[in-house]
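The values are calculated or read from the model by the stated rules, or taken from the named source; none is laboratory data. Not measured: the values here are computed from a predicted model. All Cβ positions, even for glycine, are placed from backbone atoms using ideal geometry, and neighbour counts span all protein chains on display.
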Amino acid sequence: MNTANRTAPKPAAAFGSGAEEFREAVEVGSAQTKQALEKMSETAAGVTTLLNDSYSTALNGAQAYNTKFVEFAQTNTKATLDFIQQLSTAKTPSEFFELSSTHSRRQFETFSEQFRQLTTLAQKAALATVERAETDVTKAYRQRS
């Protein structure tokens, strides 16, 4: 056997172009993955902000509703206590029925007005929450486009 004519393959030269292409493909894939993760992170931050804003708006509306509800409960309790006090001074059945009739009519009018105000507050709170979410979604969509 003649060993002088044999040539050993050069590993760097033989596999160099394949290794380089593989490295480039990995780098491109890594860059794309990093870019996708950054975009997902930005989107998640935007969604978190949107949810916080929406919950904050809804909470403000609920607080206003609850405050008004407590105010009405106090007003109605006072009216009932006043009515009981007036009943205790009634001397005749006709006076008792007149006081009862007057109180019932006033309370019906009061409850109707209170119901109207609470309904208006609930509608405003719901509308404000929806408008806030819509504004935030539109803003986020425009930023992404």
If Thr75 satisfies all but one of (1) surrounded by 12 or more Cβ atoms within 10 Å (Cβ to Cβ); (2) modelled with pLDDT under 95; (3) assigned to a helix (DSSP H, G or I), what's the number of the condition it fails? (2)
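Conditions (1) exposed (fewer than 11 other Cβ atoms within 10 Å of the Cβ); (2) within 30 Å of Arg144 (Cβ to Cβ); (3) in contact (Cβ under 8 Å) with a residue 24 or more places away in the chain; (4) of a type outside the set (A, V, I, L, M), marked per residue:
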position	(1), (2), (3), (4)
Arg23	yes, no, no, yes
Gln35	yes, yes, no, yes
Ser54	no, yes, yes, yes
Ala58	no, yes, yes, no
Ala79	no, no, yes, no
Leu87	no, no, no, no
Thr102	no, no, no, yes
Arg116	yes, no, no, yes
Val130	no, yes, no, no
